[in-house]
Amino acid sequence: MTKVKERTSMLDEVLHGLTGPQKSLPSKYFYDERGSRLFDEITELEEYYPTRTERNILEQNIEEIECHLGEEAILIEPGSGSSDKTRILLKGLNNIAG
């Protein structure tokens with residue numbers, strides 16, 4: 001795909017997402033360095049609760065989660081972003097492995 005065609009496709013997708021009644025952007029446009037910083041800022045907004053809620057669930061339940069994981073547990077990365085939730089899980093797994 002040529003650069004011009006890629007830009008046209010991106011422009012079409014962005015315009016489509018931002019002109020509809022429910023605003024959206026394809027997530028693939030968030031994952032460069034600037035987009036990652038923007039996403040981190042969005043997740044810290046009071047109105048954006050999913051990341052904060054997931055983090056709280058992990059923090060409040062990590063000991064119970066640890067009880068259900070054995071030493072052979074395999075961690076499947078749960079949607080990285082800034083990897084905050086992954087760090088909580090890895091710390092819990094380190095407690096199991098000792």
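The values are calculated or read from the model by the stated rules, or taken from the named source; none is laboratory data. The model shown is predicted, which means the values in this text are computed figures rather than measured ones. Glycine gets a Cβ as well: all are built from the backbone with ideal geometry, and neighbour counts include every protein chain shown.
Of everything in region 62-98 that is modelled with pLDDT under 80 and charged (D, E, K, R), the residue that is nearest to residue 31 (Cα to Cα) is 77. Taking the criterion of being modelled with pLDDT of 90 or more and basic (Lys, Arg), the only residue of region 11-55 that qualifies is 23.
Restricted to region 60-75, and to residues there that are touching a helix residue (DSSP H, G or I) at 6+ places or on another chain (Cβ under 7 Å) and surrounded by fewer than 13 Cβ atoms within 10 Å (Cβ to Cβ), the residue that is farthest from residue 89 (Cα to Cα) is 71. Filter region 19-76 down to the residues that are polar (S, T, N, Q), outside any loop (DSSP other than H, G, I, E, B) and more than 19 Å from residue 87 (Cβ to Cβ) and list them by number. Scanning region 19-76 gives 19, 27.
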